[in-house]
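The structure appears below as structure tokens.
The values are calculated or read from the model by the stated rules, or taken from the named source; none is laboratory data. These figures come from a predicted structure and were not determined experimentally. Heads up, the Cβs are rebuilt from the backbone with ideal geometry, glycines too, and the neighbour counts pull from every protein chain shown.
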Amino acid sequence: MKVVESLHEVKAWRRELSREASLGLVPTMGALHEGHLSLARAARRECDAVAMSIFVNPTQFGAGEDLDSYPRDREGDTREARGAGVDLLWFGFREELYPPGFATQVSVPALGRSLCGRSRPHHFGGVALIVLKLFHIFRPRRAYFGLKDYQQFVLLRRMVIDLDLDLDLEVVPGAIVREASGLALSSRNLRLSDAGRAAAAVLRRGLLAGRDSYEEGERHGARLVIAATRPILAEPRVSLEYLDLVDPWTLKAVAEVAPGRGAVLAVAARVEGVRLIDNIALGAAAEGPA
Ligand code: AMP
């Protein structure tokens, strides 16, 4: 595995790949865990070459968010990426990606304002911007994103279609990887105490309660939301930010789940000051976003 920092080195490596070789890209912010590594392994299986980027992207963090305290572990990441079969590991740095005078923005407002966009209004603009830059830098054939960040996945897939990047590039979803307790893996889980981690597992139980209600025949949006919210509200260590039922593609609130369309229950909450997200697909949406 080659480890590089400068864009110059990435471009040189990219040029050396044969024209027919398919490149799989796994963009991350590091502090790698099984969620990231499952994406890298899928890329390894499906592509000729695998690149992973590690960059804690400042434009997707708002003022007062956890940009400075976001976990960083260069040595561990290098070891884990090598073990997952990554060919090129790139640690990006801010000065090169956002040099003085940088002025461009990218936005997908219709998909970036709901759910997490309500409390993080600039987040998805920052995500779209960095990912579009990565697509130009790496020119991957397949780019892998986890469904834990469901809104991110939907928004990026839309951006790729809208900008006609889909002619050469597929945005590939990866299933959510969880702890045995059901808690979705996240680099931010490192900042939870044992008690916080145990409490955070209630997010998954809430989503499962919502799904149970759906499977018992409930289709009314507000009642599905109540079923999923009830267990979460009973956990005092968890402070709920939102729990919404949304359309799998428009991310708009669903009043009544339509047959053949399904819906996604998505949640964000804070535990010990750490912001966590999770989601579950219902009905047709559970068959996968492909
Ligand atoms: P991050 O480093 O948090 O920006 O995540 C990088 C990529 O890994 C994103 O596509 C995430 O959706 C994905 N990812 C993070 N956690 C998980 C997880 N628990 N399961 C699956 N994918 C994940």
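If Arg157 satisfies all but one of (1) surrounded by fewer than 18 Cβ atoms within 10 Å (Cβ to Cβ); (2) within 16 Å of the ligand (Cβ to nearest atom), what's the number of the condition it fails?
Failed condition: (1).
Quick one: which of Ala285, Ala268 is crowded, with 16+ Cβ neighbours inside 10 Å, within 22 Å of the chain's Cα centre (by Cα) and outside any strand (DSSP E or B)?
Going through Ala285, Ala268 in turn, the sole match is Ala285.
Could you run through the range 33-80 and say how many residues are closer than 23 Å to Arg142 by Cβ, of a type in the set (A, V, I, L, M) and within 13 Å of the ligand (Cβ to nearest atom)?
Residues in the range 33-80 being closer than 23 Å to Arg142 by Cβ, of a type in the set (A, V, I, L, M) and within 13 Å of the ligand (Cβ to nearest atom): 7 in total.
Suppose the filter is under 22 Å from Ala281 (Cα atoms), at pLDDT 95 or above and of a type in the set (A, V, I, L, M); does Ala143 pass it?
Yes, satisfied.
Go over the candidates Val26, Val50 one by one and state the one that is farther than 26 Å from Leu183 by Cα and of a type in the set (Val, Ile, Thr).
Exactly one residue qualifies, and that residue is Val50.
Say we look at the range 173-196 and pick out the residues that are surrounded by fewer than 18 Cβ atoms within 10 Å (Cβ to Cβ), within 16 Å of the ligand (Cβ to nearest atom) and more than 19 Å from the chain's Cα centre (by Cα); which of these is nearest to Gly35 (Cα to Cα)?
Once the filter is applied, the top-ranked residue is Ala180.
For (1) away from the ligand (no atom under 12 Å from the Cβ); (2) in contact with a Cys (Cβ under 6 Å, 6 or more places away or on another chain); (3) of a type outside the set (Lys, Arg); (4) not in a helix (DSSP H, G or I), each residue gets a yes or a no:
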residue	(1), (2), (3), (4)
Ala110	yes, no, yes, no
Pro121	yes, no, yes, yes
Gly126	no, no, yes, no
Leu129	yes, no, yes, no
Ile137	yes, no, yes, no
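Of the conditions (1) out of contact with any Ser or Thr (no Cβ under 8 Å at 6 or more places or on another chain); (2) part of a helix (DSSP H, G or I); (3) within 16 Å of the ligand (Cβ to nearest atom), Arg204 satisfies every one except a single condition; which number is it?
Just one mismatch for Arg204, condition (1).
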